[in-house]
Amino acid sequence: MNVIKSIITLKYFKSQSLKARLMVSALAMIIVMLPIIGLTLSNAFSEQLQSALKNELRAYSYSIFSVAEVEEKELIMPEQLLENQFNVIQSGLYAKAVSYSMSEAERRKKALMLWRSHSLIGVSTPNVLPTPNIGDSQFNEMLIENEIHMVYSITVSFGEEEQSFPLTLHIFKNQTEFLAITSEFKQQLWTWLTILIIVFIVVQIIWLQWTLKPLNTLTNELENVEQGNQNSLVHTYPEELEQVTTQLNTLLSTEQNQRKRYRNALSDLAHSLKTPLAIIQSQKSLTAETSEQVTAISQMVEHQLKKAQSAGESAWHLGVPVETTANKLINTLTKIYRDKAVNITSTIQNKAIFKGDEADLMEILGNLLDNACKAAKSRVELDVSFNPHCLRFTVADDGKGIDESQKNEILKRGTRADTYEKGHGIGLAIVRDLVTSYNGEINIQKSPSLGGALFILTFHLNK
C-alpha cells in the first residue's frame with residue numbers, strides 16, 4: 001500500500017518529485033549555461049576586434065616609417081600619406097612623432113614635436129604620452145576630446161650610435177566605431193540568446209511531458225484502481241517501469257484474494273455457528289442465564305457477519321459522497337424519533353468523500369446518530385469536514401454525556417461497549433472495528449456547545 005501511495009504522490013509537483021528534479025536541473029542548465037556561453041562569445045568577439053585594431057595600428061606605424069626620412073636630425077615626411085584618414089582633419093585616425101632630447105628622468109615632462117598628421121589639426125592630445133624603450137611598443141586607452149581612443153606608441157632610432165636619432169611615433173584611433181560594433185553585437189547576441197532560452201524552455205517542457213508521460217499514465221491508472229474503476233494496471237510501460245508495474249499487479253491481486261478469502265472464511269464461520277445456536281435457543285429447557293449467554297453469542301455472530309460484508313481497509317473504491325448518505329440517515333432517524341422531537345442538524349463540507357463502502361459509512365454514521373438520538377434531550381449535531389488529507393466526522397448531543405471512566409473502557413481494544421449506558425453502547429463495537437479497519441481514529445469528548453457526548457472520527461487520506 002505504501003509503495004502505491006508513494007507513486008501516486010508523483011502527481012504533486014513537489015521538490016522531491018522526479019518532474020521537479022528534472023525541470024529544475026534542465027532549467028538550471030539552460031539559464032546558467034547559455035548566459036555563460038553568451039559571455040564567452042561576447043568577450044571573444046571583443047578581444048578579436050581589439051586584436052584586429054592593434055594590428056591595424058601597428059600596420060599604420062609601419063606604413064609611416066616606410067616613407068619617413070631623417071636628414072641632419074630632422075624628420076622629413078611627405079605632405080600626403082597613403083592612408084587618407086591621416087590627411088582628413090579630425091577623421092578619428094591621428095599620428096604624431098616626438099623626440100625626447102632631455103635626460104631619461106626628464107624626458108617624460110617635455111617632448112619635441114617632430115611631425116603630426118593633418119588629421120590632428122584642432123585636436124588636443126595629452127601632454128604625457130607613453131614612451132617605450134627603443135624597439136618596444138605599447139597599447140593604451142585614453143580620453144581625447146572626451147572620447148575613448150586606442151593609442152599605439154612605438155620608439156625607434158634612425159641611424160647608429162652617435163648618429164642615432166631616436167623618436168617615438170604615436171598612432172591614435174577613435175574607438176567610437178569599435179564600441180558601436182561591440183555594443184550592436186552584444187545586443188543581437190543577448191536578444192538571440194533570450195529567444196533561444198525561451199525556445200529551449202518550451203522544448204524542455206514538451207520533452208519532459210513526453211518523457212514522463214508513462215509516469216502520468218501510471219498515476220492515472222493507480223487512481224482508477226483506487227476508485228475501483230479497474231482491478232489492475234493494463235497499459236504497456238517502458239522497461240524501466242515494467243518490473244514495478246508487474247509487482248504492483250501482483251500486489252493488487254494478492255491483496256484482493258486475501259481480502260476475499262478473509263471475508264469468505266469469516267462469513268462461513270459465522271454461518272456455521274448460526275444454525276447450532278438457533279437450535280440451542282429453541283430448547284425450552286435452557287436456564288435464563290444460559291439463554292442470555294447464547295443470545296450474546298448470537299449477537300457476536302451477527303456482528304462478525306456484518307464485518308465479513310464490510311470492505312474494511314479497502315482503498316480501491318470510488319469515494320462515497322458523505323452528504324447523500326448522511327441526509328438519508330437523518331431523514332430516517334427524524335421519522336423514527338418523531339415522538340421524541342429530536343432536532344438533527346448537519347453541517348457537511350461540499351464534496352466530502354468517504355473512501356470505502358457505502359454500507360460501512362451507513363453502519364458508522366447510523367450507529368453514531370442513532371446512539372446520539374437515544375441519548376439526546378432534543379438536539380443532535382453532525383459536522384463533516386474534508387480536505388485532500390483528512391476526513392473528519394463529529395457527532396454531538398445534548399444528553400448526559402459519557403463518564404471519563406466509560407470513555408477509557410469504551411476505547412480499549414476488545415472491550416464490548418454494549419454493556420454501557422443506553423444511547424452510547426449499542427453498535428459502538430461495530431463502529432470502533434470499522435473505523436480501525438480504515439486506519440481511522442475515534443475520540444470521545446464532552447461537547448462544548450451542547451454539553452453531551454461528542455464523538456470525533458478522523459480518517460487520514462493518502463497516508
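The values are calculated or read from the model by the stated rules, or taken from the named source; none is laboratory data. Since this is a predicted model, take the numbers as computed values, not measurements. Note: ideal-geometry Cβ built from the backbone for every residue, glycine included; neighbour counts use all protein chains shown.
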Restricted to the range 69-97, and to residues that are closer than 18 Å to residue 150 by Cβ and not small (Gly, Ala, Ser), which residue is surrounded by the fewest Cβ atoms within 10 Å (Cβ to Cβ)? 90
Within the range 324-407, considering only strands (runs of 3 or more DSSP E) that don't extend past its boundaries, which have at least 2 residues that are touching a strand residue (DSSP E or B) at 6+ places or on another chain (Cβ under 7 Å), outside the structural domain of residue 446 (by TED's automatic domain parsing) and of a type in the set (Lys, Arg)? none
From 210, 192, 115, which residue is in contact with a strand residue (DSSP E or B) (Cβ under 7 Å, 6 or more places away or on another chain) and either free of Cβ contacts under 8 Å to residues at least 40 places away in the same chain or in a strand (DSSP E or B) (or both)? 115
In the range 337-369, what count of residues is obtained for those that are acidic (Asp, Glu) and either farther than 15 Å from residue 432 by Cα or surrounded by fewer than 19 Cβ atoms within 10 Å (Cβ to Cβ) (or both)? 3
Subset of the range 134-172, residues in a strand (DSSP E or B), farther than 28 Å from residue 91 by Cα and among the hydrophobic types (A, V, I, L, M, F, W, C), comes to 158, 165
Quick one: would you say residue 334 is surrounded by fewer than 19 Cβ atoms within 10 Å (Cβ to Cβ) and closer than 20 Å to residue 442 by Cα? no
